Amino acid sequence: MTRSARRDFLACLGALGAAVLAGRARAVEPPLAELEAVTRGAQVRAGRVTLEIPRLAEAASSIPCKVSVESPMSAGEHVRAIHLFAPKNPRPAVASFHLGPRCGRGEVATRIRLSGTQRVLAVAELSDGSFWSAEQEVAVTISACYDGS
């Protein structure tokens with residue numbers, strides 16, 4: 001192999017790798033329209049939220065999920081809402097839970113369905129108007145959601 005042929009091959013290989021990584025980056029972006037509707041354009045910061053969900057789900061029709069938010073849950077400082085998103089589902093906004101200071105804990109537990117391997121995003125809205133998040137990649141062996149189209 002000549003030097004220029006090797007250089008061309010490596011350049012093509014690098015471009016292919018960059019294209020694959022760019023495609024993966026787009027595939028795990030949060031659902032912008034649904035997230036925008038919840039946050040009304042406010043910044044979502046990572047932290048204060050713990051998302052407990054299995055990294056590997058064999059049956060994606062009922063995956064246990066628990067979201068906890070660091071909050072004193074007082075009248076002045078509490079969790080207003082917790083939202084779950086799965087960008088690759090036919091309906092990315094999976095669940096919304098509305099809380100208040102009388103809840104005692106900023107915590108919810110449920111089961112969700114996923115249409116395939118994807119990153120699940122939990123977003124918490126606090127009483128001061130801030131939004132905090134956590135996310136977890138979940139590998140699914142058998143898909144549960146079907147778009148029907």
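Some points to look at:
- Dipole magnitude (debye, nearest 20) for segment 51-149, charges at Cβ of Lys, Arg, Asp, Glu: 280
- At most 10 other Cβ within 10 Å, DSSP loop - trypsin sites (Lys or Arg not before Pro), segment 31-110: Arg40, Arg55
- The residues of segment 33-149 expose on average 53 square angstrom of accessible surface per residue, using a 1.4 Å probe on protein heavy atoms.
- A simple spin-label model places pseudo-atoms 7 Å from Cα toward Cβ; at Arg119 and Glu52 they are separated by 2.3 nm.
- Remark on Arg80: its backbone amide H falls under 5 Å from those of Glu125, Leu126, Ser127, a criterion applied only to residues 5 or more positions apart or on other chains, H modelled at 1.01 Å from N.
- Within segment 51-149, the chymotrypsin sites (Phe, Trp or Tyr not before Pro) that combine a DSSP coil assignment with at most 14 other C-beta atoms in a 10 angstrom radius are Tyr146.
- Annotation: for a label point projected 7 angstrom from Cα along Cα→Cβ of Ala75, residues of segment 91-118 with backbone N closer than 13 Å are 101-102.
- Shape of segment 50-110, Cα gyration tensor, a/c cut at 1.5: prolate
- Split the accessible area of segment 28-79 by element, probe 1.4 Å, and carbon with sulfur accounts for 52%.
The values are calculated or read from the model by the stated rules, or taken from the named source; none is laboratory data. Since the structure is predicted, the reported quantities are computational estimates derived from the model, not experimental observations. We place every Cβ from the backbone using ideal geometry, glycine too, and count neighbours over all the protein chains shown. What goes into the accessible areas is simple: the full protein's heavy atoms, side chains included, and nothing from ligands, DNA or RNA. Shrake-Rupley method; radii C 1.70, N 1.55, O 1.52, S 1.80 Å.
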